[in-house]
Amino acid sequence: MFGGFHAVKYIFIMFSSHRHDDLKEMLDSNKDSLKLEAMKRIVAMIARGKNASDLFPAVVKNVACKNIEVKKLVYVYLVRYAEEQQDLALLSISTFQRGLKDPNQLIRASALRVLSSIRVTIIVPIMMLAIKEAASDMSPYVRKTAAHAIPKLYSLDPEQKDQLIEVIEKLLADKTTLVAGSVVMAFEEVCPERIDLIHKNYRKLCNLLIDVEEWGQVVIINMLTRYARTQFLNPNINGGSGDKTFYGSDEDEDEDEEEKEKKPYVMDPDHRLLLRNTKPLLQSRNAAVVMAVAQLYFHLAPKAEVGVIAKALVRLLRSHSEVQYVVLQNVATMSIKRRGMFEPYLKSFYIRSTDPTQIKVLKLEVLTNLANETNISTILREFQTYIKSMDKDFVAATIQAIGRCATNISEVRDTCLNGLVQLLSNRDELVVAESVVVIKKLLQMQPEKHSDIIKHMAKLTDNIQVPMARASILWLIGEYCEHVPKIAPDVLRKMAKSFTNEEDIVKLQIINLAAKLYLTNSKQTKLLTQYVLNLAKYDQNYDIRDRARFIRQLIVPTEKSGALSKYAKKLFLALKPAPVLESPFKDRDHFQLGSLSHLLNAKAGGYQELPDWPEAAPDPSVRNVEVKESVRAVGTVTHRDTGALWGPQRMEGNSASGLESSSGSEESGSGSESEESKEASESEEEEEEEEEEQKKKKKKDLKKPRKHQRKSKPRKSESESESDEDEESESESSQSESEDSESEAEVKKKKKVQTRMTAHWSEFGNIIRVLFLSFLVEPAPSPQVTPVNTFLSNSLVTDLEGLSLSDSVLSPAVSVSYYFALKSYELLHRITGEGLSVEYCFSRQPFSPDANMVAVQMQFTNSASSDTKNLHIEDVKLQSGMRVKEFPEIELLPAGETATAVMGIDFCDSTQAANFQLCTHTRKFFVSIQPPVGELMRPVFLTENEFKKEQGQLMGMNEITEKLTLDVKCRNEHAIVQRVTTAANLSRVPCGSDKECRFAGRTVTSGSLVLVTVATKEEGAAQLTVNCEKMVIGTMLVKDILQALTQ
């Protein structure tokens, strides 16, 4: 046995010593191809987490290789292992220095990165010289690497701080977006207290922010948040720019008179510049950027403007659970001071069964913070559902949330108390225990009104075994023993029997109960009290022994006892203040939102406190600086993360104004308020003159012959589309454009540029128009084409004849049976699909291959000039339980033709999207189909008696009732039936009453019954009732039908 073990050990040692011999031979080869292959394999090993440090000597020899590709990979390897193999890395220091002079920018940057990774103090002067040279490099990528090297050198030798600050000051003046984020990070690491370095670069950083990479945006926003807190006045100190928030309290109204006497607050233009330039980033795809902007607005913006961040934060709740956890932590803090900001999004915080426990608890916290007199009934109804959860920690948190709601809102205190008392009969002991603890806190507010509840809880001592619950009951009985004079001694008797077997927390409360009863009812409890104190005298726990000795001396007067025993009743039976149930997030806002310290509720290493607002505004002139060159290229407009298309706006008449707005936005920081007003007035006059000229041109065009009018028809549609685009773009950018500043001299110069470039821009504008119109103008409706696929049933084809798959309203000539027109949805736009467009609708016909699937009718249109082949589905990604039946492959779709196909999807009674790839012979497109809740049903016929019988079985939590006011056009039976059946695939149920409309259906997958009743009343009032076995389906259906009937 031992011989075999040694043999295996020997083989392992031999293998480990020779496992990389092939790679070492390839690295020693004279062929660059072999070296490149070896380095690729080594880097792949590192990426997979394998240790390749034993190859360091073989790799470092190739650092002087002339092949650029090999050299790049060698540097990648050295960056990873330079700290571990410092001695060997030092041998190649001269090669790294030569690499700093390499003509290839990637080699220069890699050499600096490796050099800064060698953690040896002897080469600090070499590193400092290399960083200074790289900071002046022509390549922004190398300058970015220099910024990354600064914190490394600072941590190695803090004495170099003064020289590094000079480099940081130089890099802060850099005008490229690639460097901005990195140098601000270096500033934060080395000298965050030197805000004087930011003054001259403040406006530049604000204007560059939209174009910086996402990592840099987060760093810059956090730095500018702290900077703004030191340089600007508090916008809310005098009511925040005169705007009162819609959720303001009555106290705010009382303070209005005092505020009027104070000097009105005027926001600093630089403060407004920061808020304006960060606002578009709320639409960023990166959650960290959105969170950074949200905390900036919360800490810096006036109260009236903070509300814009709510929608962006709610959008982040659709992200991964880790992102949700961080966002909800911050929302919970914000919702305490800014409750009204999140009230419109109350339903976004409803808890899903799939949420992790920590997410559920945070959502409960937010819902509790948002609770008020108007929405408390809805929230309590949600809580009632949550109590039935199988997650015990979540149930306990829900019961605590009910207690907090009862504490904060006196109108529902009795309702909550009665609900909690009903939970005392729950089978789950943990639910009962948590209810007892919360009831105890609520009873302290009005004990005299609830003696019956105290009696009921006293009876539970025989059944409840959870120590905290037993202790709470004993405390209640002892504290309010005068309300239950007959029951209290009996409870003490029972507790005395089991004293030795109780937990410590229960024993302490038994002693307290005995002492209180001895003081109020000594005739019945004197012997019991002495018995309990004697038991406690010899208990193993010293706390219990000490408590017994202390109480014995206090309540049983002896010769040795002092004057304190005279006040025993006042000590034990004193009125105690009712506990205040507060949110654990109440005092967290002293930490900067979005920081690790806020998340942990404790100061983390490296955390910088958020400065207090200054009492007097510092000198704003320190930020004035002359900008010699514009950072952005002339005539380019960039929209990041907003999804906006860059289109021509008044390209003929106002072509050069685009130049002014783009270049002027960079120089806006240096102008004064007077220059802003001049520029605004001049730009308005120019726009009015241009509009008058355009009107004159239109009048001339109308006088021309018809031939010319026919030619100009596309121009009309073009101008309409442009005006629509202008309205949308102006609504987004009016605020930012109105506050940009320019000097008069610059305006005159740019007018000259405008006259010179008009001809050039008119030609360029025509090209742009053609491209832009291809995005905006909808294609003409193609005639009905016989489907290529022949697998559709005749009945289905006849049902779908004349059906338009566009979003526009059906023409009157199209007759659609059963009251409704099927709505179509775009699956693939023809621009994205390179000529192939796909629309789909839910045909509401049975899917013959599988009755549990929803039939989805798809229409393929080939608008390209070439044929499309082999249309099929691949890479289907579904939630658990969902299934897809693919449509047969469409082998050929000629140019200009349309084909129809049907596929089946089992959505498993949920509105989760089905994601898949739509493939042709050349391309693959990622698409998804998400059903409305009304399409997850199939109609079912019921008689009136059957409907009432089934409805009677779906009461309580399975019934949702909402009151509504019907739309003016929807106050007759025909209109109600039409709108309900359009919103949901349900069938009409016969009804004897003229004022009721009933509908029935079953969910496609599980066959769960869905019953809908619309009862009309006078003056358009109505009541909508939905009975459904599945609460989620019912809730979503109520929302859709409400929208259909009221709009």
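The values are calculated or read from the model by the stated rules, or taken from the named source; none is laboratory data. Not measured: the values here are computed from a predicted model. Don't worry about glycine lacking a Cβ; one is built from the backbone with ideal geometry, like all the others, and counts go over all protein chains shown. Side chains included, ligands, DNA and RNA excluded: accessible areas come from the protein's heavy atoms. Shrake-Rupley method; radii C 1.70, N 1.55, O 1.52, S 1.80 Å.
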Qualifying residue in region 379-402 (condition: of a type in the set (Asp, Glu) and either touching a His at 6+ places or on another chain (Cβ under 8 Å) or at pLDDT below 85 (or both)): no
Filter result for residue 453 (assigned by the TED database to the domain that holds residue 524, closer than 21 Å to residue 518 by Cα, open to solvent by less than 30 Å² (accessible area, probe 1.4 Å) and in a helix (DSSP H, G or I)): no
Odd one out for residue 1002 among (1) under 39 Å from the mean Cα position of the chain (by Cα); (2) open to solvent by less than 70 Å² (accessible area, probe 1.4 Å): (2)
Residue match in region 476-496 (condition: under 53 Å from the mean Cα position of the chain (by Cα) and over 27 Å from residue 414 (Cα atoms)): yes
The listed residue being touching a residue at least 40 places away in the same chain (Cβ under 8 Å) and either touching a Phe, Trp or Tyr at 6+ places or on another chain (Cβ under 9 Å) or open to solvent by 60 Å² or more (accessible area, probe 1.4 Å) (or both), out of 1012, 1038, 977, 1026: 977
Considering residues of region 1-56 that are modelled with pLDDT of 80 or more and open to solvent by 100 Å² or more (accessible area, probe 1.4 Å) only, the residue nearest to the chain's Cα centre (by Cα): 48
Subset of region 102-126 (residues that are under 17 Å from residue 186 (Cβ atoms) and buried (at least 23 other Cβ atoms within 10 Å of the Cβ)): 109, 112, 115, 116
Region 60-89, subset among the β-branched types (Val, Ile, Thr) and farther than 19 Å from residue 33 by Cβ, residue most open to solvent (accessible area, probe 1.4 Å): 79
Cβ pairs under 6 Å, 6+ apart, first in region 177-200 and polar (S, T, N, Q), second open to solvent by 10 Å² or more (accessible area, probe 1.4 Å): 177/211; 182/144; 182/148
Complete set of residues in region 984-999 that are surrounded by fewer than 22 Cβ atoms within 10 Å (Cβ to Cβ) and either of a type in the set (Phe, Trp, Tyr) or in a helix (DSSP H, G or I) (or both): none
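Let's see how each residue does on (1) out of contact with any helix residue (DSSP H, G or I) (no Cβ under 7 Å at 6 or more places or on another chain); (2) assigned to a loop (DSSP other than H, G, I, E, B); (3) open to solvent by 10 Å² or more (accessible area, probe 1.4 Å):
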site	(1), (2), (3)
472	no, no, no
484	no, yes, no
488	no, no, no
494	no, no, yes
505	no, no, yes
513	no, no, no
519	no, no, yes
525	no, no, no
533	no, no, no
Filtered residues of region 311-346 (kept if surrounded by 22 or more Cβ atoms within 10 Å (Cβ to Cβ) and either out of contact with any Leu (no Cβ under 8 Å at 6 or more places or on another chain) or charged (D, E, K, R) (or both)): 313, 341
Residue within region 596-615 that is assigned to a helix (DSSP H, G or I) and surrounded by fewer than 12 Cβ atoms within 10 Å (Cβ to Cβ) present: no
Qualifying positions in region 306-320 - under 16 Å from residue 225 (Cα atoms) and either in contact with a Ser or Thr (Cβ under 9 Å, 6 or more places away or on another chain) or modelled with pLDDT of 95 or more (or both): 306
